[in-house]
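Quick notes on the structure that follows.
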Amino acid sequence: MILCTAVLFVVSGVRPSLDLDGDSYEVNSKVDSFRLQTVFLMFRVSFGVTVTYIMKVLIEQDRPCWCVQPYPYTITNLPGYGTIYIGDSRWGMASSLTTVATIVGAHFVHKVSMPIGGLLPLFVGAAKLTLGYNSVGQILAAIGLGGFIHFWTILTPTIFMFLNFTLSTVVGIISFTIIRLRYPNENLNFTSLFMQSVIWQLFSMLCLLALFEWSFVKSILGKAAHNLEMSDFQYYMPINQISHRKSSGKQLVGYITLVFVLLVSCGVVVDVWVTKKWD
């Protein structure tokens, strides 16, 4: 889901950047407004994933069925690979995929289509429930958490993006360190998923800083910029700042793609390191 949002964001940048000679001021503002909303959506999704994994290790509520299954080989022959769980871990409170579906669905309700947005978390939650990945309580908790994260991020000032990132990263690292000490023999490879969600948060913030002038970013730090409409965008982004940005769309996408590749590479390295260290 995060990758799809990132691709959507990069594609939106393919259009040449803010050339007032070729497009109207309204068109330029609408494109930048779309980019801004996509950056915020990408952050909300990654932040939601981070929070769900923190909840999993703090609450430690087992899934409806551990569904511990033996591999064709034994633990003696291949230590650490003797069992697997349904899902990404033994704990399922709250469902990360249902939380993501709720966040994306809430965005659809707000910006695209209410029926599609409302049905999305219900379909995903029903699928997780039917497959035995989560209980009813874990699904309902995920929907509530996703709704809370959506409203929290759209109603708080933009500066909370950086505060949410810092707080969730610190709390997550402390939580996973403690859980590792408590369960030294537990398979905690899903820690890599937590670390990757943190990297995606960082990627979202770098996109915000790369796409917009610092003067504009500074002007919205104290405002709930997630709800900025095109008219508001025109108000907060003076025309001289828009016309000042002369970099081409290809250069912009090239820079964002470079940051994207670097952060995904970091995610792969974290994944390999965690797997090697804890298995």
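At 1.4 Å probe size, with the rest of the protein present, what percent of the exposed accessible area of the stretch 80-169 is carbon and sulfur atoms? Intermediate values should be presented prior to the final figure.
Values: 3190 of 3970 Å².
Reported share for carbon and sulfur atoms: 80 percent.
Annotation: for a label point projected 7 angstrom from Cα along Cα→Cβ of Glu60, residues of the stretch 149-193 with backbone N closer than 16 Å are 174-188. Spin-label model, Leu140 to Glu213: label points 7 Å out along the Cα-to-beta-carbon direction sit 5.1 nm apart. Highest average first, the peptides 35-47, 140-152, 123-135, 197-209 ordered by how many other beta carbon atoms sit within 10 Å of their residues are 35-47, 197-209, 140-152, 123-135.
What FRET efficiency, computed as 1/(1 + (r/R0)^6) with R0 = 25 Å and r the Cβ-Cβ distance, is obtained for Val109 and Val268, rounded to the nearest 0.05? Please list the in-between numbers first.
Values: r = 34 Å, r/R0 = 1.37.
Once the sixth-power term is evaluated, E becomes 0.15.
Give, in nm to one decimal, the length gained when the segment between Ile116 and Thr156 is fully stretched (0.36 nm per residue of separation minus the Cα-Cα distance). Length difference between fully extended and current span is 11.9 nm.
The values are calculated or read from the model by the stated rules, or taken from the named source; none is laboratory data. The shown structure was predicted, so the numbers you read here are calculated from the model rather than taken from an experiment. Counting neighbours? That spans all protein chains shown, and the Cβs are built from the backbone with ideal geometry, glycine included. Keep in mind that these areas ignore ligands, DNA and RNA; they rest on the heavy atoms of the full protein, side chains included. Shrake-Rupley method; radii C 1.70, N 1.55, O 1.52, S 1.80 Å.
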